[in-house]
Every structure is written in structure tokens, then in C-alpha cells.
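Just below is one structure, and these are the notes that go with it.
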Amino acid sequence: MYYKKHVFFCINEKGKGKKCCAQGNALALWQYAKQRCKEEGLSAKHNVRVNKSGCLNRCEEGPCLVIYPEGRWYRYKGQADIDAIIEEDLGENNIVERLLLPEDPVES
């Protein structure tokens, strides 16, 4: 099966107190997103794949994910933000403006 959309969650953990996505509960929220997409039927219905990734180099902007092929970058804080991304972006193909990251990443 080929996927129409890939969602990559940075779950990278940096050492020595450096800011990283892992500090923002990224692994648990990736697992939550994966389960929610399955429950919503997005994996089969819309061919969505939710993956873990290493560092996406957007550490200073909080835990983040990117959706391809659109190349939309989002930050999130908790399950409510993940729900919004799943329902609005993955389900309806609408951008969640309040969670969107700027195109040019902050150096980390």
C-alpha cells in the first residue's frame, strides 16, 4: 500500500538539558496520533501513515510534526492539538493556522 500522506513526529531526545521534542511528550503524542488515525479510519480511508522521526531541526519551536507531501509543519502541546491536526488537516485537508510553524525554521 502506498500512502497519500505521511505524518512525521520528531521524537528526538537531546542530552545535557538541550531543548528537544522529547521533552514535550512527543513519543506519547505520536502513539496517541497513530491510535486516533486508526480509530478514525484515516489509515485505510485516506491512506495516512504516522511515523516517528529523528530530529527535524525545529527544537526551539516546541514539539513538532510535518505532513508530506504538503510540507506543512505544526507545533503541538497536547492531545487537543493532535486532535485538531487529525480532524482538520488529515480528515478535511484544512490548515490548522493556530498550530502552523513558520516556513523558515529557527536555528537550534
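The values are calculated or read from the model by the stated rules, or taken from the named source; none is laboratory data. The structure presented is a predicted model; accordingly, all values stated were derived computationally and were not measured. A quick note on method: Cβ atoms are made from the backbone with ideal geometry, for glycine too, and the neighbour counts reach across all protein chains shown. Accessible surface areas use protein heavy atoms only, side chains included; no ligands, DNA or RNA. Shrake-Rupley method; radii C 1.70, N 1.55, O 1.52, S 1.80 Å.
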Top-ranked residue of segment 48-87 - restricted to ones that are of a type in the set (Ser, Thr, Tyr) and open to solvent by 20 Å² or more (accessible area, probe 1.4 Å), ranked as farthest from residue 18 (Cα to Cα): 68
Assuming residue 4 fulfils every condition listed in (1) open to solvent by 70 Å² or more (accessible area, probe 1.4 Å); (2) in contact with a helix residue (DSSP H, G or I) (Cβ under 9 Å, 6 or more places away or on another chain) apart from one, which condition is it? (2)
